[in-house]
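The values are calculated or read from the model by the stated rules, or taken from the named source; none is laboratory data. Bear in mind the structure is a predicted one, so any value in this text is a computation, not a measurement. When we count neighbours, we look across all protein chains shown, and the Cβ atoms used for this are built from the backbone with ideal geometry, even at glycine.
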Amino acid sequence: MNIQIAIDGPAGAGKSTIAKIVAEKLGYTYIDTGAMYRALTLKALNEHINLEDAKSITDLLTNTKIQLKPSSNGQLVFLDEKDVSEEIRSNEVTKNVSKVASHATMREIMVDHQREMAKQGGVVMDGRDIATAVLPEAELKVFMSATVEERARRRYEDNKHRGIESSLEQLKSEIAKRDKLDSEREASPLIQAPDAIFLDTTELSISEAAQTILELANERMG
Ligand code: CDP
Ligand code: CDP
């Protein structure tokens, strides 16, 4: 039996890394919903659209094609047929994405699109509102977190590997700011669903966290 696995949590908790492994092991589709909000943010920045204006952002999404395509080195993100997989990880996009993601009318369209993508069988989807809004019927819901210090340290290491110099303190404050915006917004805030399992990855390796989720998934599959 194929199931739906929803993984939510704050930035740097390990969601996408672990979701990718779980999907691969189960032969499921992995859907990175954060990448979709990032792609829309990139387009809004390129077109100098007012990020605070709900109507402009909603209209923009209506005229935008966002696609996720599996590839040998993970997942590629296409914005209006162009590969933007790297560009959407820029600092500029990261700093502005929570503003764009706060608009309820835009989110309705995004969520419809995500549900459509999840129809194709076994799926592992990660984001902020997957268990609460996108896939409320998911058989397995995980809320993944880690201390803000550890999450900032991970992002610092990520940047180092990509040749980007960063300050640990600045990363910590940017992550804390984004967590706050995502948790306190009115539209589908980042919150643990009542039936989600809490997984603290602070002291867990990537493979330990993936193993925990695979065991839970096997239980759900009976
Ligand atoms: O990978 P990282 O944790 O930095 O973030 P992401 O998953 O790429 O998500 C980027 C941003 O998109 C989040 O900070 C949220 O503002 C927004 N987002 C959302 O609102 N709902 C989702 N389901 C996924 C992401
Ligand atoms: O998707 P999310 O923002 O929740 O986190 P991520 O991008 O999957 O993980 C951020 C970084 O932490 C990646 O470089 C992972 O390899 C690393 N990580 C880790 O060191 N230990 C874990 N248990 C989970 C993730």
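If you go through segment 73-95 and keep only what is in a loop (DSSP other than H, G, I, E, B) and touching a residue at least 60 places away in the same chain (Cβ under 8 Å), you end up with nothing. Residue-level check: of (1) surrounded by 13 or more Cβ atoms within 10 Å (Cβ to Cβ); (2) modelled with pLDDT of 95 or more; (3) within 15 Å of ligand 2 (Cβ to nearest atom), residue 158 misses just (2).
Inspection of segment 162-182 finds no residue satisfying the criterion of being within 13 Å of ligand 2 (Cβ to nearest atom), more than 28 Å from residue 47 (Cα to Cα) and within 16 Å of the chain's Cα centre (by Cα).
Considering each residue of segment 68-84 in turn, none proves to be touching a helix residue (DSSP H, G or I) at 6+ places or on another chain (Cβ under 6 Å) and of a type outside the set (A, V, I, L, M). Checked against (1) touching a Phe, Trp or Tyr at 6+ places or on another chain (Cβ under 7 Å); (2) over 24 Å from residue 44 (Cβ atoms); (3) within 13 Å of ligand 1 (Cβ to nearest atom), residue 122 passes all but condition (3). If the condition is being touching a Lys or Arg at 6+ places or on another chain (Cβ under 9 Å), touching a residue at least 60 places away in the same chain (Cβ under 8 Å) and over 23 Å from residue 83 (Cβ atoms), then segment 12-55 contributes 12, 13, 14.
Against the definition (more than 17 Å from the chain's Cα centre (by Cα) and loosely packed, with under 11 Cβ neighbours inside 10 Å), how does residue 208 come out, yes or no? So residue 208 does not fit the description; no. For segment 57-100, a residue qualifies if it is among the β-branched types (Val, Ile, Thr) and over 15 Å from the mean Cα position of the chain (by Cα), and the qualifying residues are 57, 58, 62, 64, 84. Within segment 127-142, residues that are within 13 Å of ligand 1 (Cβ to nearest atom) sit with their Cβ atoms under 8 Å from residues that are of a type in the set (Ser, Thr, Tyr), at 6+ positions apart or across chains, in these pairs: 127/33; 128/33; 128/188; 129/188; 130/33; 132/188; 133/188; 134/33.
Within segment 3-45, the set of residues being of a type in the set (S, T, N, Q) and either touching a Cys at 6+ places or on another chain (Cβ under 6 Å) or more than 12 Å from ligand 1 (Cβ to nearest atom) (or both) comprises 4, 29. Residues being within 14 Å of ligand 1 (Cβ to nearest atom) and under 22 Å from residue 101 (Cα atoms) are represented in segment 153-170 by at least one member.
Somewhere in segment 54-68, is a residue within 15 Å of ligand 2 (Cβ to nearest atom), at pLDDT 95 or above and under 28 Å from residue 217 (Cβ atoms)?
Within segment 54-68, the subset within 15 Å of ligand 2 (Cβ to nearest atom) is 68.
Remaining after also requiring at pLDDT 95 or above: 68.
Subsequent filtering for residues that are under 28 Å from residue 217 (Cβ atoms) retains 68.
Within segment 54-68 (the criterion being within 15 Å of ligand 2 (Cβ to nearest atom), at pLDDT 95 or above and under 28 Å from residue 217 (Cβ atoms)), the answer is yes, since at least one residue qualifies.
All conditions but one from (1) assigned to a helix (DSSP H, G or I); (2) within 15 Å of ligand 2 (Cβ to nearest atom); (3) touching a strand residue (DSSP E or B) at 6+ places or on another chain (Cβ under 6 Å); (4) not hydroxyl-bearing (Ser, Thr, Tyr) apply to residue 143; the one that does not is (1). Would you be able to say whether some residue in segment 96-112 is in contact with a helix residue (DSSP H, G or I) (Cβ under 8 Å, 6 or more places away or on another chain), in a loop (DSSP other than H, G, I, E, B), of a type in the set (S, T, N, Q) and buried (at least 17 other Cβ atoms within 10 Å of the Cβ)? Within segment 96-112 (the criterion being in contact with a helix residue (DSSP H, G or I) (Cβ under 8 Å, 6 or more places away or on another chain), in a loop (DSSP other than H, G, I, E, B), of a type in the set (S, T, N, Q) and buried (at least 17 other Cβ atoms within 10 Å of the Cβ)), the answer is yes, since at least one residue qualifies.
Give the residues of segment 183-205 that are exposed (fewer than 15 other Cβ atoms within 10 Å of the Cβ) and more than 16 Å from ligand 2 (Cβ to nearest atom), sorted by residue number. Residues satisfying the conditions are 184, 186, 194, 195.
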